[in-house]
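What follows is one structure encoded as structure tokens, with my remarks underneath.
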Amino acid sequence: MKIAVLKERAADERRVAATPETVKKFIALGAQVSVEEGAGTGASIMDAAYREAGAELATTSKAVEGADIVLGIQAPDVMTLSGAKPGAWVAALFDPFAQKERVEAYANAGFEALSMEFMPRITRAQSMDVLSSQSNLAGYKAVLAAANEYGRAFPMMMTAAGTVQAARVFVMGVGVAGLQAIATAKRLGAQVSATDVRSATKEQIQSLGAKPIFVESVEGIEGEGSGGYATEMSEEYQKAQAELVSSHIAKQDIVITTALIPGRAAPRLISDAQIATMKPGSVIFDLAVAQGGNVEGSQADQVVEKHGVKIIGYANTPGHLAADASALFARNHYNFLSAFWDKEAGKPVLDEEIGDAVRLTKGGEIVNERLNG
Ligand code: NAD
């Protein structure tokens, strides 16, 4: 059983899908691991560290040759995989709704594409969930990046020269990233408030010492859909939310937006007119910028200045913490494959609940019901 770990191809991708720690663990299960030379450089992992852990270091084609499983952060182009075993598994991020052609190419090539972002949100899969592990780091980094662009301090400071007021931070969307953003902003000494469409988050916001800001005027609203994800909200709700945001946002210094809806463009939470009500010098970090953006006018990897407000957002936020993001992503991969390791077969054998959820392609077909439904 051979596992290949490739160097990521995307220009801004510094993460790597295996670390020396997970290489050792895969070898302990009986696998042979081949790592492409230089794969870990962006995450400060040198080739020698992989070699010491027992991996073979190889060129792309040598690493892929005869591989049963290929691990990636972002799924590689199918051309890169020539030489892998027929029907080989590729576990990575596939961005399946947006990248349909890539999924088709995997089906045509006969590989089994295992989409890590389709990991079901069930208790036993928590340790395999890359969306959580990466979002947590992204929420932290978003606050630091916003603090960096902000021309004032976060904590209240009483100095001989006078008092510096604490920054007001508003977090929109309180999933994994939002919770970490709240915690990080609190640690930096800001006054924090937050909102979400799922009422279950109210308590979580309060437990972190932040103030919940919720639409109360629309009856019977519950934005929680399957798997704990948000649903798209009614027009009435969206209107009430826009009014609430407008009145609150004008008093904020920093806004962090994290709202996502699986399989759809990110919901628009802040319009240009609302930005215009904010104080000059305020900063908005749009964590959803790569999924279409929560904020009108936000652009990936650029500082957009509108009405004196800076709007920022990274195309790949976890990639800005490549070492930790890789360590956690690599453990997610290991936790996933090792949980299904069949000692007799000497390889993982997936069960239906998780296998059917993550498998996009098999036997030349697209087999995932979320894509075919
Ligand atoms: P996400 O990344 O899908 O979305 C981010 C947040 O934005 C969510 O809280 C969502 O409700 C919110 N949102 C969407 N539309 C909005 C709007 N119009 N206005 C304001 N907020 C909006 O969310 P996530 O981080 O994946 O977390 C979703 C839930 O799933 C959380 O409760 C999380 O704890 C849970 N979860 C469970 C598991 C598991 O059990 N294995 C794993 C990860 C997350």
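No value in this document is a laboratory result; all are computed from the given coordinates. On a predicted model such as this, the values are computed, not experimentally measured, just so you know. Positions of Cβ are generated from backbone atoms using ideal geometry, with glycine treated the same way; all protein chains shown enter the neighbour counts.
So the values come out like this:
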item	result
Proxy reagent accessibility, fewest Cβ within 10 Å first, across M172, M233, M46	M46, M233, M172
Rounded tilt (10° steps) of 235-249 against the dominant C-alpha axis of the chain	60
Segment 84-208: relative contact order as a whole-number percent, Cα under 8 Å and 6+ apart	18
Mean separation of Cα contacts under 8 Å (6+ apart) over length of segment 26-168, as relative contact order %	12
Nonlocal amide H pairs with F285, under 5 Å, H built at 1.01 Å	V255, I256, T257, I312
In order through segment 189-197: 3J(HN,Hα) via Karplus (6.51 cos²θ - 1.76 cosθ + 1.60), integer Hz, x for Gly, Pro	x, 7, 8, 10, 10, 7, 9, 7, 8
GluC sites (Glu not before Pro) lying in DSSP loop within segment 230-338, provided at most 12 other Cβ fall within 10 Å	E232
5 angstrom amide H check on T361, placed H, neighbours 5+ away	A113, V367
Debye, to nearest 20: dipole size of segment 85-215, +1 on Lys, Arg Cβ, -1 on Asp, Glu Cβ	460
Rounded to the nearest 20 debye, dipole of segment 156-217 from Cβ charges on Lys, Arg, Asp, Glu	120
Loop trypsin sites (Lys or Arg not before Pro), segment 254-342 (other Cβ atoms within 10 Å of the site Cβ: 14 or fewer; DSSP)	R264
Between helix 176-187 and the chain: long-axis angle, C-alpha atoms, 0 to 90°, nearest 10	50
³J(HN,Hα), Karplus 6.51/-1.76/1.60, whole Hz, each residue of segment 30-40, x for Gly, Pro	x, 7, 9, 10, 10, 10, 5, 3, x, 4, x
J(HN,Hα) series, segment 100-110, from Karplus relation 6.51 cos²θ - 1.76 cosθ + 1.60, nearest Hz, glycine and proline x	5, 5, 5, 4, 4, 5, 5, 4, 4, 7, x
Percent RCO, i.e. relative contact order, over the chain, from Cα pairs under 8 Å lying at least 6 residues apart	19
Cross-link reach list, aspartates and glutamates versus K239, counting only Cα pairs under 17 Å and skipping chain neighbours closer than eight places	D196, E216, E219, E222, D272, E296
Under 5 Å, built H, 5+ apart or other chain: amide partners of E56	V33, S34, V35
Per-residue Cβ neighbour rank within 10 angstrom, fewest leading, T201, T159	T159, T201
Segment 308-369: GluC sites (Glu not before Pro) in DSSP coil with no more than 10 other Cβ atoms inside 10 Å	E344
Cα centroid of segment 187-208 to Cα centroid of segment 313-349, whole Å	29
Estimated distance in nm for a label pair at R370 and F97, the labels positioned 7 Å out from Cα along Cα-to-Cβ	0.9
